[in-house]
Amino acid sequence: MIFQEFSHELLKAKNRIVMAPMTRSRTSQPGDVPNEMMASYYKQRANAGLIVTEGAPISAVGRGYSMTPGIYTQDHIDGWKKVTQAIHEEGGKVFIQLWHVGRRSHSTISGQQPFSSSVIKVPDQVFGPLSEGGFGMIETEQPKAMTQQDIDNTIADFVQAAKNAIDAGFDGIEIHAAHGYLFDTFMHLESNQRDDQYGGSQENRMRFLLDTLKAVADEICSDKVAVRVSPHVIEGFAEEDPEIVEVILKALAKMAAMNLAYVHFSENISRYVEVPESFRQQVREVYPNPIMVAGKLTKQTAQELVDKKYVDLVAFGTPYVTNPDLVERFKNDWPLTEFDADARLTLYGGSEEGYIDYPAYQA
């Protein structure tokens, strides 16, 4: 069933297998511009029913990792056009993931003090410039609490980035609201100590994300807008949040009326708790539109989720790094090239090696 076409009034795909977003840091410098090498990488993997690109910062201040491709300058738009054209030539479909990392950054990367819901920092590292030269993992900086003007500006940045994405030829956009990034810090109790309309109650803590989704959907049409959340992932936080599942379920109930292309759940990465089956049932009760799940899935576990009708689309991340022809390998039960220690060494940054030199399977 995962190989069959997915057809819904809000989203259509040639199969239910999705290439999940993964940071690869292969842009051209200066300017963090998408390039021909990136176009080749995505073209090789256009067998997926849908590709969701690596996160693209919506602005300089939204950037938290060096050498990631932006979507806020004309050079970015022109660079991404090479990517979307390459994917469409292979009959593929692609959404760009729009990214604001919030407090998971440093001023040497973003050019100014990072933003967050409140002035709270946790131990964390991101990929940025090293004092001795080159790039590597650096400790994040203490953030500043966003003002109302900062929030208004950020919503406007997301709207503009979405317009830029459509200009670049994308089929839609996915807003990254997971993994301890900007929207996630507003929704979590630990990181949100605000006393304005964006803090305190659960409804207030989800307001920033919902307002942004509505603004973007009003601009480019709701069936071109998706969102990623991670209520069972603790990455970017000190402790598990006792309310985050309830917050996400309430937010989903409000999103249902927006008629988004899909909601994407990121699971089983970094620090996480297991997702109970009862949660999947609760999600289906409140959210009738397309649902995607990513997180260490196998062909078998993905098929089980689809068979139980808990999800409509199944996303694979690292298997797509080393298996550009992943759909055909799954379909024919061909062995997968393992994502091993050598693959990890070339995951972030580098050249064509470990990026576009993985071959298709030779029977």
Would you mind finding the one in Asp196, Asp223 that is touching a residue at least 40 places away in the same chain (Cβ under 8 Å), charged (D, E, K, R) and surrounded by 17 or more Cβ atoms within 10 Å (Cβ to Cβ)? Asp223
If I filter segment 1-55 down to residues being surrounded by fewer than 18 Cβ atoms within 10 Å (Cβ to Cβ) and acidic (Asp, Glu), which single residue comes out as nearest to Gly136 (Cα to Cα)? Glu36
Are there helices (runs of 4 or more DSSP H) fully within segment 203-317 with at least 2 residues that are polar (S, T, N, Q)? List them. 277-286, 299-307
Taking segment 73-107 only, how many residues are of a type in the set (Phe, Trp, Tyr) and either surrounded by fewer than 20 Cβ atoms within 10 Å (Cβ to Cβ) or out of contact with any strand residue (DSSP E or B) (no Cβ under 9 Å at 6 or more places or on another chain) (or both)? 0
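For residues that are of a type in the set (A, V, I, L, M, F, W, C) and more than 24 Å from Thr23 (Cα to Cα), scanning just segment 279-310, find the one that is surrounded by the fewest Cβ atoms within 10 Å (Cβ to Cβ).
Filtering segment 279-310 for residues that are of a type in the set (A, V, I, L, M, F, W, C) and more than 24 Å from Thr23 (Cα to Cα), the one surrounded by the fewest Cβ atoms within 10 Å (Cβ to Cβ) comes out as Val286.
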Restricting to segment 318-336, give me the number of residues that are part of a loop (DSSP other than H, G, I, E, B) and buried (at least 17 other Cβ atoms within 10 Å of the Cβ). 3
Do you know which of the residues in segment 141-155 that are among the β-branched types (Val, Ile, Thr) and not in a loop (DSSP other than H, G, I, E, B) is farthest from Gly79 (Cα to Cα)? Ile151
From the list Gly128, Gly169, pick out the single residue that is at positive phi and either small (Gly, Ala, Ser) or touching a strand residue (DSSP E or B) at 6+ places or on another chain (Cβ under 7 Å) (or both). Gly169
Looking at Phe158, Phe170, which is the one that is closer than 28 Å to Lys224 by Cβ and assigned to a loop (DSSP other than H, G, I, E, B)? Phe170
Residues of segment 93-143 being over 21 Å from the mean Cα position of the chain (by Cα), within 19 Å of Met187 (Cβ to Cβ) and not small (Gly, Ala, Ser), which ones? Val119, Ile120, Lys121, Val122, Pro143
The condition from (1) over 15 Å from Asp184 (Cβ atoms); (2) in contact with a helix residue (DSSP H, G or I) (Cβ under 7 Å, 6 or more places away or on another chain) that Asp218 misses is numbered (2)
Looking at segment 337-350, can you tell me whether even one residue there is part of a loop (DSSP other than H, G, I, E, B) and among the hydrophobic types (A, V, I, L, M, F, W, C)? yes
When the residues of segment 176-193 are filtered to those that are of a type in the set (Phe, Trp, Tyr) and in contact with a strand residue (DSSP E or B) (Cβ under 8 Å, 6 or more places away or on another chain), which remaining residue is surrounded by the most Cβ atoms within 10 Å (Cβ to Cβ)? Phe183
Working only within segment 117-134, note down all residues that are of a type in the set (A, V, I, L, M), part of a loop (DSSP other than H, G, I, E, B) and touching a residue at least 60 places away in the same chain (Cβ under 8 Å). Ile120, Val122
Somewhere in segment 135-147, is a residue loosely packed, with under 15 Cβ neighbours inside 10 Å, under 24 Å from Gln193 (Cα atoms) and in contact (Cβ under 8 Å) with a residue 40 or more places away in the chain? no
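Only the coordinates and a few stated rules stand behind these numbers; no lab work does. Since this is a predicted model, take the numbers as computed values, not measurements. We place every Cβ from the backbone using ideal geometry, glycine too, and count neighbours over all the protein chains shown.
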